[in-house]
Amino acid sequence: MFEFRTVPEVIVGESISLQLPELIQTRFDARKIALITDAALRATHLLDPIIAAFTSAGIEVYVFDGVVADPPESVVKQAIHRTRDAGAEVVVGIGGGSSMDVAKLVAAFAASEQDLAHAYGIDKVSGRRLPLVQVPTTAGTGSEVTPIAIVTTGETTKLGVVSNKLYADLAVLDPSLTLGLPAMVSAATGIDAMVHAIEAYTSKIKKNPISDGLAREALRLLSGSLVQVCTNGRNVAARTNMLIGAMLAGQAFANAPVGAVHALAYPIGGIFHVPHGLSNALMLSPVIRFNLPAAAPLYAELAQVVIPDVTGSEEAKANAFIDFLGRLADQVGIARRLSQVGIQPADVPMLAENAMLQQRLLVNNPREVTFGDALRLYSEAL
Ligand SMILES: [Zn+2]
């Protein structure tokens, strides 16, 4: 037995975001929408033509641009209250994972009596939810198709809201919104998406044939276009492949959750404020090597996806897969050592202690990770 869920509708197309007013009007009949985003994205003026399109279609737009990375609970609450006060009938999340995560919570709580504080955990969201449209502007998190929102509730503590009510009604993938992404952001977010696909494919408990198919195709698209988007950012075809790949990986890991790469990456982000994608890139090689005794056959299968003419034994193919990922990381110039982001040997025990708190993710890893293993993995990555 297995279960698979995803969003009901996805639309992909160059400049399709300019048609958001029609897409929304034909589905939800709204006169006022809330756009949930961050100030940096708004400052690029990328949203101006979209807002203008809403205005000329007679739809009023309330813009909340207060989203920040790793959004604190106070920001989420502010977004909910302001959207409620503005009387918005539809919520549109536009940006990276943080903006889309906040948009999920705004849609879930702006029209509901329930308090956010009572919704942390799994399947705790109740009440009416506003229609939700997600528009990613990076190709990485897959948040447009996942039912999870992460909120920073303390200094470094994070809580998740996981609920089928957080699935968007519509995901709109417009590669033209990603053409201007800097190479380093494209590299980090793209590798994060690849990690989603790899970890979904080796997910211990919920791996299933549908998530497997999505993960394989995600990895094929992402690995085939990553170098291109980092060296020639305006390549629309490559940007489209990355957006679709990140979404497919999102659909895969929403159903077959990620494991130790993410578990060990979270403390790096939480304590040292290293971006999520880069944190994952730093831990990818050591964790995959560690997983080999348990997951070599699966890595060999993934090798055939990224290197179609790979030959040799299962073990040789699995090693070819690891080498391929290392070469790709080097080609896009992403940091691969913890020392490059300022982490010292003395920080390793604290990182390992924090990683062990991520049992929610560690249970999905193909090989058990002990505290001693975590210490060794971080030391290897220094
Ligand atoms: Zn991730």
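Given the pairs LYS206/LYS317; LYS77/LYS124; LYS124/LYS207; LYS104/LYS124; LYS104/LYS206, which are separated by over 21 angstrom at their Cα positions? The partial results should precede the final answer.
Details: LYS206/LYS317 24 Å; LYS77/LYS124 17 Å; LYS124/LYS207 24 Å; LYS104/LYS124 14 Å; LYS104/LYS206 24 Å.
In this structure, LYS206/LYS317; LYS124/LYS207; LYS104/LYS206 lie more than 21 Å apart at Cα.
Rolling a 1.4 Å probe over the heavy atoms of the protein chains gives region 57-173 an accessible area of 34 Å² per residue.
Where the only charges are on Cβ atoms (+1 Lys, Arg; -1 Asp, Glu), what is the dipole of region 218-365 about its Cα centre, to the nearest 20 debye?
Values: 9 positive and 8 negative charges, 79 e Å.
Here region 218-365 has a charge dipole of around 380 debye.
From most to least packed by mean Cβ count within 10 Å, the peptides 355-368, 276-289 give 276-289, 355-368. On C-alpha positions alone, give me the angle between the axis of helix 97-109 and the longest principal axis of the chain, in degrees, nearest 10. Helix 97-109 sits roughly 50 degrees off the main axis of the chain.
Angle between the Cα long axis of helix 236-255 and the longest principal axis of the chain, 0 to 90 degrees, nearest 10? Relative to the chain, helix 236-255 is tipped by roughly 80 degrees. Roughly how tilted is helix 276-306, in degrees to the nearest 10 and between 0 and 90, from the longest Cα axis of the chain? Once rounded, the angle reads 60 degrees. Surface composition of the chain: carbon and sulfur atoms hold 53% of the protein heavy-atom accessible area at a 1.4 Å probe. Would you mind classifying region 192-324 by shape? Square roots of the alpha carbon gyration tensor eigenvalues, ordered a ≥ b ≥ c; an a/c under 1.5 is rounded, otherwise it is prolate if a/b is larger than b/c and oblate if not. Taking the square roots of the gyration eigenvalues as a ≥ b ≥ c, region 192-324 is rounded.
Sequentially through region 313-320, phi angles give Karplus couplings (6.51, -1.76, 1.60; θ = phi - 60°) of 6, 4, 5, 5, 5, 4, 5, 5 Hz, Gly and Pro residues having no value and appearing as x. Potential lengthening of the chain between GLN359 and PHE28 amounts to 115.2 nm, from the contour at 0.36 nm per residue minus the alpha-carbon distance.
Ligands, DNA and RNA excluded, the heavy atoms of ARG128 present near 150 Å² of accessible surface to a 1.4 Å solvent probe.
Just the number, please: Stokes-Einstein D of region 34-176 in µm²/s, Kirkwood Rh from C-alpha pairs, 4 °C, 1.567 mPa s.
Details: Rh = 14.9 Å.
After rounding, the answer is 87 µm²/s.
Take the alpha carbon gyration tensor of region 280-371, find the square roots of its eigenvalues, order them as a ≥ b ≥ c, and report rounded if a/c is under 1.5; if not, report prolate when a/b exceeds b/c, else oblate. Taking the square roots of the gyration eigenvalues as a ≥ b ≥ c, region 280-371 is oblate. Counting 0.36 nm for each residue step from ALA316 to THR153 and taking away their Cα separation leaves a gain of 54.2 nm. The stretch between ASP330 and ALA117 holds 72.4 nm of extra length on full extension. This uses 0.36 nm per residue minus the Cα-Cα distance.
Take the Cα pairs of the chain, get the Kirkwood Rh, then feed it into Stokes-Einstein at 25 °C and 0.890 mPa s and tell me D in µm²/s. Don't skip to the answer; put the middle values down first.
Details: Rh = 20.9 Å.
For the chosen part, D equals 118 µm²/s.
Using only helices, what value at 222 nm comes out for the chain when you add -39,500 (n - 2.57) per DSSP H run of length 4 or more and divide by the total residues, to the nearest 500 deg cm²/dmol?
Details: 14 runs with 198 residues, N = 382.
Calculated at 222 nm, the ellipticity per residue is -17000 deg cm²/dmol.
Once a ≥ b ≥ c are taken as the square roots of the eigenvalues of the Cα gyration tensor of region 89-161, is the result rounded (a/c under 1.5), prolate (a/b larger than b/c) or oblate (a/b not larger than b/c)? Oblate. Once you have the Kirkwood Rh of region 1-76 from its Cα pairs, apply Stokes-Einstein at 20 °C and 1.002 mPa s and quote D in µm²/s. D, rounded to a whole number, is 148 µm²/s. Here's the list of aspartates and glutamates a cross-link from LYS204 could span, going by alpha-carbon distance under 13 Å and ignoring same-chain residues fewer than 8 apart: ASP212, GLU368.
Among the GluC sites (Glu not before Pro) found in region 42-147, those both in a DSSP coil and sparsely packed, with 13 or fewer other Cβ atoms within 10 Å of their Cβ, are GLU113.
If packing is taken as the average count of other Cβ atoms within 10 Å, what order do 224-233, 258-267 fall into, highest mean first?
Working: 224-233: 19.1, 258-267: 27.0.
Listed from highest to lowest mean packing, they are 258-267, 224-233.
The values are calculated or read from the model by the stated rules, or taken from the named source; none is laboratory data. Everything numeric here is computed off the predicted structure, so don't read it as measured data. Note: ideal-geometry Cβ built from the backbone for every residue, glycine included; neighbour counts use all protein chains shown. Heavy atoms of the whole protein, side chains included, go into the accessibility calculation; ligands, DNA and RNA do not. Shrake-Rupley method; radii C 1.70, N 1.55, O 1.52, S 1.80 Å.
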